[in-house]
Amino acid sequence: MRTWGPLTAVCLGTFMLLLDVTIVVVALPDMARALDASLSDLQWVVDGYALALAALLLGVGAAADVLGRRRVHVAGVALFAVASLLCGLASGPGTLVAARALQGVGAAAMFATTLPLLGSVYQGRQRSVALGVWGAVSGGAAAVGPVLGGVLTDGPGWRWIFFVNLPVSVAAVWLTLR
């Protein structure tokens, strides 16, 4: 392949956004206790992210065609990182739900630009390899989420399921801009 940088950058973003779909599930009981959250609050912690991601995916993709895919991807990663920090620092369920929805906005920007970025960088066999790696990373993220969520929740605490996104985001932005 020409370079692994673009593929690594895109895969880091994809891994984070798909990991955050499943990682939060095992931490919900600890979140409920720490934030005095109701069942409805916990549903919105999960659904606010998914709803924002799904609702904005096509619109953000169209915006990326106009504004530039790389620019929108970097903005999405940066927004996702800020929202992850806010999730980890949340002092109540309302703040956590709002920050999760903001995470979903960043995730939509990352996800909408992933395949177009790979398609513009890689051609022919390289594209096939890149899409295969991206698919494997996507599947792995969904599988690793609950396990990593359990390890982090039992270890340093539920807030770390969000803080773990921060160094990954920095690496993804650096690689994307490079």
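The values are calculated or read from the model by the stated rules, or taken from the named source; none is laboratory data. In this text the structure is predicted, and so the values were computed from the model without any measurement. We place every Cβ from the backbone using ideal geometry, glycine too, and count neighbours over all the protein chains shown. What goes into the accessible areas is simple: the full protein's heavy atoms, side chains included, and nothing from ligands, DNA or RNA. Shrake-Rupley method; radii C 1.70, N 1.55, O 1.52, S 1.80 Å.
The shape of the range 92-161 comes out oblate: with a ≥ b ≥ c from the C-alpha gyration tensor, a/c is at least 1.5 while a/b does not beat b/c. Our summary gives the chain a relative contact order of 42 percent, counting only alpha carbon pairs under 8 angstrom and 6 or more residues apart. The charge dipole of the chain, taken about the Cα centre with unit charges on the Cβ atoms of Lys, Arg (+1) and Asp, Glu (-1), comes to about 800 debye, rounded to the nearest 20. When the solvent-accessible area of the chain is split by element, carbon and sulfur atoms take up 70 percent of it, the probe being 1.4 Å. Computed with a 1.4 Å probe over protein heavy atoms only, the accessible surface of the chain comes to 46 Å² per residue.
Measuring between their Cα centroids, the range 117-154 and the range 45-91 lie 18 Å from each other. For the range 39-177, the residue among 39, 117, 99 whose Cα projects farthest onto the positive side of the dipole built from Cβ charges is 117. Per-residue ellipticity at 222 nm from helix content only, as computed over the chain with -39500 (n - 2.57) for each DSSP H run of at least four residues, stands at -29500 deg cm²/dmol. Size descriptors for the chain: radius of gyration and Dmax over Cα atoms are 16.1, 53 Å.
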